[in-house]
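Q: Input: one structure, supplied below.
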Amino acid sequence: MKTPKIDWKKNAGLVPAIVQDAATLQVLMLGYMNAAALKQTLRTKRVTFFSRSKQRLWTKGESSGNFLHLVGLKVDCDNDTLLVTARPDGPTCHRGTPGCFGDQGATGAGFLAQLDQVVAARLKSGDKQSYTVRLAKEGVARVAQKVGEEGVETALAALSASRKEFTGEAADLLYHLIVLLRVKKLSLGDAIAVLEKRHAPKK
């Protein structure tokens, strides 16, 4: 990963670093980096800031264990603000919430990525009380059948049911498709990557 070109002369050698969850794109926190913090972030692949209160480098998670694993870095058009994408080990905020801007998780399209992570965690847990786990244990064919059933129900609801019933069936279809992807050792991100490739500007 290349070191971005940053104008360190602004703001006494510090630049704001906005951190997003790489999967859900939820904004997790805002910190500040100097050149040394950026260098350590790139070297260790763990997001590191310059703590203005402690006056030293501070790696997020060094006390809690909830590290932010670096995925990507972008600099803004003025070369004085960083956008950091990262994979969090756990809650980012010291209050135990996913991010520092309230206790809510990802919303909108980002919630699908969060749901994908929840499904993966459920399957890993093997909890027999979980519908997701019980369905997955029936095998790929059964999960695929459920996706087919939900697809038909969604199509029928689109033609004859109310808006509420249609959106409910669509939600069921999305959920079961995510489960099928995970049972096939894939993720929602793999399907999204195909869509991104299809819609990428032609060179």
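Q: Of the residues in the stretch 24-49, how many are over 17 Å from Asp76 (Cβ atoms) and touching a Pro at 6+ places or on another chain (Cβ under 9 Å)?
A: 3
Q: So Ala17 ticks every box in (1) at pLDDT 95 or above; (2) in the same structural domain as Ala170 (by TED's automatic domain parsing) but one. Which box is left unticked?
A: It fails just one condition, (2).
Q: Scan the stretch 7-23 for residues that are crowded, with 17+ Cβ neighbours inside 10 Å and in contact with a Ser or Thr (Cβ under 9 Å, 6 or more places away or on another chain) and report the count.
A: Here the count works out to 7.
Q: Follow-up question, since we're still on this one. Looking at Lys185, Lys128, which is the one that is at positive phi, outside the structural domain of Ala22 (by TED's automatic domain parsing) and outside any helix (DSSP H, G or I)?
A: Values: Lys128 fails: at positive phi.
Checking each option against the conditions leaves just Lys185.
Q: Of all residues in the stretch 20-46, how many are in contact with a Gly (Cβ under 8 Å, 6 or more places away or on another chain) and either of a type in the set (Val, Ile, Thr) or not assigned by TED's automatic domain parsing to the domain that holds Asp76 (or both)?
A: Of the residues in the stretch 20-46, 2 are in contact with a Gly (Cβ under 8 Å, 6 or more places away or on another chain) and either of a type in the set (Val, Ile, Thr) or not assigned by TED's automatic domain parsing to the domain that holds Asp76 (or both).
Q: State whether the residues of the stretch 109-117 include one that is surrounded by 12 or more Cβ atoms within 10 Å (Cβ to Cβ), in a helix (DSSP H, G or I), of a type in the set (D, E, K, R) and touching a residue at least 60 places away in the same chain (Cβ under 8 Å). Spell out the reasoning first.
A: Within the stretch 109-117, the first condition is being surrounded by 12 or more Cβ atoms within 10 Å (Cβ to Cβ), and the residues that meet it are 110-117.
Restricting the remaining residues to those that are in a helix (DSSP H, G or I) gives 110-117.
With of a type in the set (D, E, K, R) added as a condition, the list becomes 116.
Add one more test, that the residue is touching a residue at least 60 places away in the same chain (Cβ under 8 Å), and what stays is 116.
Checking the stretch 109-117: at least one residue is surrounded by 12 or more Cβ atoms within 10 Å (Cβ to Cβ), in a helix (DSSP H, G or I), of a type in the set (D, E, K, R) and touching a residue at least 60 places away in the same chain (Cβ under 8 Å).
Q: Looking at this structure, is Leu173 at pLDDT 95 or above, closer than 29 Å to Thr85 by Cβ and assigned to a loop (DSSP other than H, G, I, E, B)?
A: no
Q: Something else now. I need a count of the residues in the stretch 24-39 that are without any contact (Cβ under 8 Å) to a residue 40 or more places away in the chain and buried (at least 16 other Cβ atoms within 10 Å of the Cβ). Write out each step before concluding.
A: First pass over the stretch 24-39, keeping only residues without any contact (Cβ under 8 Å) to a residue 40 or more places away in the chain: 31-32, 34-37, 39.
Now narrow it down to the ones that are buried (at least 16 other Cβ atoms within 10 Å of the Cβ): 31-32, 34, 37.
Qualifying residue count, the stretch 24-39: 4.
Q: Here's a follow-up. Among the residues of the stretch 152-165, are any assigned to a helix (DSSP H, G or I), among the basic types (Lys, Arg) and loosely packed, with under 14 Cβ neighbours inside 10 Å? It would help to see each step written out before you state the result.
A: Step one: filter the stretch 152-165 for residues assigned to a helix (DSSP H, G or I), giving 152-160, 163-165.
Imposing the further condition that a residue be among the basic types (Lys, Arg) reduces the set to 163-164.
The next check asks that each one be loosely packed, with under 14 Cβ neighbours inside 10 Å; those that pass are 163-164.
Within the stretch 152-165 (the criterion being assigned to a helix (DSSP H, G or I), among the basic types (Lys, Arg) and loosely packed, with under 14 Cβ neighbours inside 10 Å), the answer is yes, since at least one residue qualifies.
Q: If you scan the stretch 3-28, which residues turn out to be among the β-branched types (Val, Ile, Thr) and part of a loop (DSSP other than H, G, I, E, B)? I'd like the intermediate steps shown before the answer.
A: Within the stretch 3-28, the subset among the β-branched types (Val, Ile, Thr) is 3, 6, 15, 18-19, 24, 27.
The answer is Thr3, Ile6, Thr24.
Condition check ((1) of a type in the set (Ser, Thr, Tyr); (2) under 30 Å from Leu180 (Cβ atoms); (3) more than 15 Å from the chain's Cα centre (by Cα)) across all residues:
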residue: Ile18; (1), (2), (3): no, no, no
residue: Asn34; (1), (2), (3): no, no, yes
residue: Ser63; (1), (2), (3): yes, no, yes
residue: Pro91; (1), (2), (3): no, yes, no
residue: Gly99; (1), (2), (3): no, yes, no
residue: Ala113; (1), (2), (3): no, yes, no
residue: Ala121; (1), (2), (3): no, yes, no
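Q: On to the next question. If you go through the stretch 139-149 one residue at a time, do you hit one that is surrounded by 12 or more Cβ atoms within 10 Å (Cβ to Cβ), outside any helix (DSSP H, G or I) and modelled with pLDDT of 95 or more?
A: No, because not a single residue in the stretch 139-149 is surrounded by 12 or more Cβ atoms within 10 Å (Cβ to Cβ), outside any helix (DSSP H, G or I) and modelled with pLDDT of 95 or more.
The values are calculated or read from the model by the stated rules, or taken from the named source; none is laboratory data. Small disclaimer: the values here were computed from a predicted structure and weren't measured. Cβ: placed from backbone, ideal geometry, glycine included. Neighbour counts: every protein chain shown.
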